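Everything below concerns the one structure shown next.
The values are calculated or read from the model by the stated rules, or taken from the named source; none is laboratory data. Note that the structure is predicted; figures quoted are calculated from it, not measured. Reconstructed Cβ throughout: ideal geometry from the backbone, glycine too, with neighbour counts over all protein chains shown.
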């Protein structure tokens, strides 16, 4: 499973919505249930899923699925080594 | 345990939680702790309940407790959790301590005491639910550094005193406890307990690890509240009580002693012994030659456990599922009371699969040094109160074995009863017995006509009511005390006495106590002016044995439905004959006016 797919799965789990309803542009602005608590749950779930830790400065920028995938991918080998290759 | 968010969600989503009895938890807080919810729901599911968590608005502890702002506290609430973090309550005491005068410190402490007291009273006016109040955290780095520890008015001392005040204030109320957050903090460690990013981003101070630990601590209180704490520890022997296999390595070859590597088992046995002294019933379940195992118990110089600590043992080559079932029967306990400890993956899996009610602990035999900690951390047997009955339970089971032997020798049941020389003491509940009576209503499943669960506070309230009697009985016989083991709650409505609850601990079944207790309670109802007694039977999965209790005692079946059967007894023609085989029935009821008379 690619990093993106894994991120989508976690987002869908945390928000309680089907994966199909989520795309790169999904964000707190266009998904009503995605409030600040869900955002926190999401960040912590991603950290557990990928075994990584975001800085607070990174967290405040993770405002859409696209930006989240980028933030996960940037955090090094663990995320990358699991990607599609 | 360390569960990930996904594992918990997955587990919760795959179960039909709606079918489980509800558990309502109200959270009053001045910080963001919503992420504790999945953990609470998970722990609740593990004890067979469907938890619903309701949170007060942020920093609305007072508004909710005193003003009922959101209305999350009511008679249906099971547990109120209070998260009052000092940083939000008093920035000065929490973070600006170095800048405070002694006068200012006192002023702040006074304000907090006043606040806490009013919140506590506010909660109690709205609900009798269990209160779990988190203590204030001691600072890992006090504002005055190590100098703080030398100061009578230092930050650490001040917070300590506030916690002691909190503990005292809570102990003035029934069913209200100070949850030791500093113990949770110590177990997790300050570096992992806090998530500083979210403390700053969203006033959410605690990490997932911390919230899991706190949730676990809360359920050590909630399980006994619902009668779900465990009572019996069943132990494998080889590579559990000692290192190695007795049948192969022999008495001198097994690892057990005060020095490494036997020290891990020595410490583990000490912890087991501590549980025994708290009233946990111990049993052995081992694939072994029985004589080999008892030789270790009798001969090994470093055995802490002795044969007299073991209530029953199944040491043979049968499978453990069969043996565990037999052990539960021997002890007259349900499998949901059992924690089973084994080092074998195979045995653990088999028991998990066939007996899901049993809590299975698989010890890592390559890391015996962790055994003690694993057992101590489980909290399966914890209860916020420890009654006399609890403390002596282990020895009571021994006496029970002696009774069984006597029964085997007796000609018939009546002569067996008579030979026990039973003395039954029947009383109204008082301040010393409220907790035990509440505990019995919470824990008793088999001999229980209605299985209504009551908290300490509810039993206390009933005992003060002019239109109810809470009656208990205590049994003693030639083999010892069985303690407080029977309860009957009568509610009076004009000339009718409703038997709201009637139950006996499984420890004293089969001795005719129910006959004596019922007769005395019916006489009590009659002396309070009642002409009719109404008995109820509420069928559950476990109380089939009492379905004909009332018809067998001259009650007449009246209306009812499949969930609730009603029976009536005409007290005016009731003979009031006591069973003949008691050595003495000693009944003393409180003086109370006749019901209905002014």
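Overview of values
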{"read-out": "Single match in B:513, B:499 (criterion: buried (at least 19 other Cβ atoms within 10 Å of the Cβ) and at pLDDT 95 or above)", "value": "B:499"}
{"read-out": "Total residues in the range B:461-517, condition in a strand (DSSP E or B) and under 30 Å from residue B:398 (Cβ atoms)", "value": "20"}
{"read-out": "Positions within the range B:537-592 being under 23 Å from residue B:524 (Cβ atoms), at pLDDT below 90 and within 33 Å of the chain's Cα centre (by Cα), in sequence order", "value": "B:590, B:591, B:592"}
{"read-out": "Selection from the range B:19-43 of residues that are surrounded by 15 or more Cβ atoms within 10 Å (Cβ to Cβ) and away from chain A (no Cβ under 14 Å)", "value": "B:20, B:23, B:24, B:25, B:26, B:28, B:30, B:40, B:42, B:43"}
{"read-out": "Elements of type helices (runs of 4 or more DSSP H) contained in the range B:146-199, each with 2 or more residues being in contact (Cβ under 8 Å) with a residue 60 or more places away in the chain", "value": "B:155-171"}
{"read-out": "Number of positions in the range B:37-73 that are free of Cβ contacts under 8 Å to residues at least 40 places away in the same chain, on the phi > 0 side of the Ramachandran plot and touching a helix residue (DSSP H, G or I) at 6+ places or on another chain (Cβ under 7 Å)", "value": "1"}
{"read-out": "Members of the range A:39-52 found to be facing another protein chain (nearest Cβ under 9 Å) and in contact with a helix residue (DSSP H, G or I) (Cβ under 7 Å, 6 or more places away or on another chain), listed by number", "value": "A:40, A:41, A:43, A:44, A:45, A:48, A:49"}
{"read-out": "Residue list for the range A:20-38, restricted to those being more than 14 Å from chain B (Cβ to nearest Cβ) and closer than 24 Å to residue B:38 by Cα", "value": "A:21, A:22, A:27, A:31, A:32, A:34"}
{"read-out": "Condition check for residue A:65: surrounded by 12 or more Cβ atoms within 10 Å (Cβ to Cβ), at pLDDT 95 or above and either more than 12 Å from the chain's Cα centre (by Cα) or closer than 24 Å to residue B:200 by Cα (or both)", "value": "yes"}
{"read-out": "Criterion (in contact (Cβ under 8 Å) with a residue 24 or more places away in the chain and within 26 Å of residue B:221 (Cβ to Cβ)) met by exactly one of B:368, B:376", "value": "B:376"}
{"read-out": "Residue selected from the range B:1-18 under the condition free of Cβ contacts under 8 Å to residues at least 24 places away in the same chain and part of a helix (DSSP H, G or I), by the criterion nearest to the other protein chains (Cβ to nearest Cβ)", "value": "B:6"}
{"read-out": "Residue in the range B:516-525 that is farther than 19 Å from residue B:584 by Cα and either at pLDDT 95 or above or buried (at least 23 other Cβ atoms within 10 Å of the Cβ) (or both) present", "value": "yes"}
{"read-out": "Output for the range B:381-394, where each listed residue is out of contact with any strand residue (DSSP E or B) (no Cβ under 8 Å at 6 or more places or on another chain) and assigned to a helix (DSSP H, G or I)", "value": "B:390, B:391"}
{"read-out": "Search result, residues across the range B:456-475 that are within 19 Å of residue B:538 (Cβ to Cβ) and in contact with a strand residue (DSSP E or B) (Cβ under 7 Å, 6 or more places away or on another chain)", "value": "B:459, B:462, B:468, B:470"}
